[in-house]
1. Condition test on ASP119, is it open to solvent by less than 30 Å² (accessible area, probe 1.4 Å) and either among the acidic types (Asp, Glu) or more than 17 Å from VAL54 (Cα to Cα) (or both)?
2. Of all residues being open to solvent by less than 30 Å² (accessible area, probe 1.4 Å), assigned to a loop (DSSP other than H, G, I, E, B) and closer than 24 Å to ALA68 by Cβ in region 150-172, which is modelled with the highest pLDDT? Just the residue, please.
3. State whether one or more residues within region 104-113 are touching a Gly at 6+ places or on another chain (Cβ under 8 Å), surrounded by fewer than 23 Cβ atoms within 10 Å (Cβ to Cβ), under 18 Å from ASP161 (Cα atoms) and aliphatic (A, V, I, L, M).
4. From the list THR146, THR124, THR141, which residue is touching a helix residue (DSSP H, G or I) at 6+ places or on another chain (Cβ under 7 Å) and at pLDDT 95 or above?
5. If ALA145 satisfies every condition in (1) free of Cβ contacts under 8 Å to residues at least 40 places away in the same chain; (2) surrounded by fewer than 19 Cβ atoms within 10 Å (Cβ to Cβ) but one, which is the exception?
6. When region 43-72 is examined, which residues are found to be open to solvent by less than 40 Å² (accessible area, probe 1.4 Å) and free of Cβ contacts under 8 Å to residues at least 40 places away in the same chain?
7. Among the listed residues ARG101, ARG137, identify the single one that is over 28 Å from THR25 (Cβ atoms) and among the basic types (Lys, Arg).
8. If we keep just the residues of region 122-149 that are within 11 Å of the chain's Cα centre (by Cα) and assigned to a strand (DSSP E or B), which is nearest to LEU95 (Cα to Cα)?
Amino acid sequence: MPHWSSLIREVPDFPKPRIVFKDITPVLADARGLADAIDAMAAPWRDAVPDAFVGIESRGFIFAAALAQALGAGFVPVRKPGKLPARTIASDYALEYGSDRLEMHADALPAGARVVLVDDVLATGGTLRAALSLAQRQGATVVGATVLVELPALAGRERWDAGIPLHVALQG
């Protein structure tokens, strides 16, 4: 187990009863932990750097921006509704405790751009699937996805597109 895995805190009944939230903020607060987590997430993309890392709000922003900086790529945010100033496209998705929507600027990715989707936790897979839809609707080529932690019990991987690599830094 990587050293930073011990920094992940479990918060019971957040944001709703029976949900055990994986709080990664202690990893972010630890300089070595953050650096090691970014290195683990960057490893599969070092030999074929994508054009952009697409970060999913909100913790995915942190990792996607750091990956973009570390590997010399762009960063594209995928946001909750009403947060982006220009024309957007949207995708709805299911959560383990409800539903939500993600948006991306309609001109965020040029056709053919090679991108990697980034999030902090893979739970049910809804946010990754929504981000995949948004990137593909713009004509981008999604070459993979990377997450810090996967929660296998919630079966998010089963909902992922098997033809696109999914890298997980830690099974949680």
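The values are calculated or read from the model by the stated rules, or taken from the named source; none is laboratory data. Since this is a predicted model, take the numbers as computed values, not measurements. Cβ atoms come from the backbone with ideal geometry, glycine included; neighbour counts cover every protein chain shown. Side chains are part of the model used for accessible areas, which takes the heavy atoms of the whole protein and leaves out ligands, DNA and RNA. Shrake-Rupley method; radii C 1.70, N 1.55, O 1.52, S 1.80 Å.
1. yes
2. For region 150-172, the residue satisfying everything is ILE164.
3. So far as region 104-113 goes, no, none of its residues is touching a Gly at 6+ places or on another chain (Cβ under 8 Å), surrounded by fewer than 23 Cβ atoms within 10 Å (Cβ to Cβ), under 18 Å from ASP161 (Cα atoms) and aliphatic (A, V, I, L, M).
4. Exactly one of THR146, THR124, THR141 is touching a helix residue (DSSP H, G or I) at 6+ places or on another chain (Cβ under 7 Å) and at pLDDT 95 or above, namely THR146.
5. All conditions are met except number (2).
6. Passing the criteria: ALA66, ALA68, LEU71.
7. It is ARG137.
8. LEU122
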